[in-house]
Amino acid sequence: MLFNTLPFVIFLPLVIILYYFIPHKYRWILLLAASYYFYMCWKVSYIFLIIASTLIDYLCGILMERQKVRKKKIPYLVLSLIINLGLLFTFKYFNFFTGAANSFLHSINFGYQLPVLEKFLLPVGIKYFRCVHYQLFMAWRQLDFHRLGNTICHCLPDGESIEYPV
């Protein structure tokens, strides 16, 4: 669903109207559902990727919160960083690096080519750096973001990621 299409022109006012008609404490659920629906209009299969990334950040956040000493939070922070930046690398840069390596191997007449992934686009709305930001605040500032709803909303797909892709 693009911003300049009729489905979006119907979708956005509907979400805004519903937002003001439901109780305040349930609004985040509407925003979550609307964001995931908007995200799935682009490519349904990537919803599993964003859910997995969000749940990993949520679990790492809980585990970090349980640690009273900052040093003990570091393994969970590192795990979250490796997963989020690994996903970013895989979807955004893997083919670039393997293409460059394959060009180099070809230039030196090496008979082996590194495999490339099928053409993947970076999933629109996966906010890798927002999820990394969430984990850094959990580790160093001890923000109260340990609730699943807060984690989801912090790492949520939104219009910013479509306009300004990572």
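The values are calculated or read from the model by the stated rules, or taken from the named source; none is laboratory data. Computed from a predicted structure; not experimentally measured. As a convention, Cβ positions derive from the backbone with ideal geometry for all residues, glycine included, and neighbour counts pool all protein chains shown.
Identify all residues within segment 40-52 that are small (Gly, Ala, Ser) and modelled with pLDDT of 80 or more; write none if there are none.
Passing the criteria: only Ala52.
Quickly run through segment 18-58 and pick out the residues that are of a type in the set (Ser, Thr, Tyr) and over 22 Å from Asn84 (Cβ atoms).
Tyr19, Tyr20, Tyr26, Tyr37
Testing Lys68 on (1) closer than 22 Å to Leu136 by Cα; (2) assigned to a helix (DSSP H, G or I), one condition comes back false. Which one is that?
Result: Lys68 passes all but (2).
Which residues, taken from segment 56-90, are surrounded by fewer than 17 Cβ atoms within 10 Å (Cβ to Cβ) and among the β-branched types (Val, Ile, Thr)?
Hits for segment 56-90 are Ile62, Val69, Ile74, Val78, Ile82, Thr90.
Of the conditions (1) surrounded by fewer than 15 Cβ atoms within 10 Å (Cβ to Cβ); (2) assigned to a helix (DSSP H, G or I); (3) outside the structural domain of Gln135 (by TED's automatic domain parsing), Val15 satisfies every one except a single condition; which number is it?
Of (1) surrounded by fewer than 15 Cβ atoms within 10 Å (Cβ to Cβ); (2) assigned to a helix (DSSP H, G or I); (3) outside the structural domain of Gln135 (by TED's automatic domain parsing), only one is false for Val15: (1).
If I ask for residues that are among the polar types (S, T, N, Q), exposed (fewer than 14 other Cβ atoms within 10 Å of the Cβ) and either in contact (Cβ under 8 Å) with a residue 24 or more places away in the chain or in a helix (DSSP H, G or I) (or both), which ones from segment 91-118 would you list?
Those that are among the polar types (S, T, N, Q), exposed (fewer than 14 other Cβ atoms within 10 Å of the Cβ) and either in contact (Cβ under 8 Å) with a residue 24 or more places away in the chain or in a helix (DSSP H, G or I) (or both): Ser103, Ser107.
Taking the condition closer than 26 Å to Glu118 by Cβ, in contact (Cβ under 8 Å) with a residue 40 or more places away in the chain, within 15 Å of the chain's Cα centre (by Cα) and part of a helix (DSSP H, G or I), does Tyr36 pass?
yes
Check off (1) part of a helix (DSSP H, G or I); (2) more than 19 Å from the chain's Cα centre (by Cα); (3) of a type in the set (S, T, N, Q) for Thr54 and give me the number that stays unchecked.
(2)
Given the criterion assigned by TED's automatic domain parsing to the domain that holds Leu136 and over 16 Å from Gln135 (Cβ atoms), identify the matching residue among Tyr26, Tyr20, Tyr37, Tyr93. Can you show your working first?
On the way: Tyr26 fails: assigned by TED's automatic domain parsing to the domain that holds Leu136; Tyr20 fails: assigned by TED's automatic domain parsing to the domain that holds Leu136; Tyr37 fails: assigned by TED's automatic domain parsing to the domain that holds Leu136.
That would be Tyr93, the only listed residue that is assigned by TED's automatic domain parsing to the domain that holds Leu136 and over 16 Å from Gln135 (Cβ atoms).
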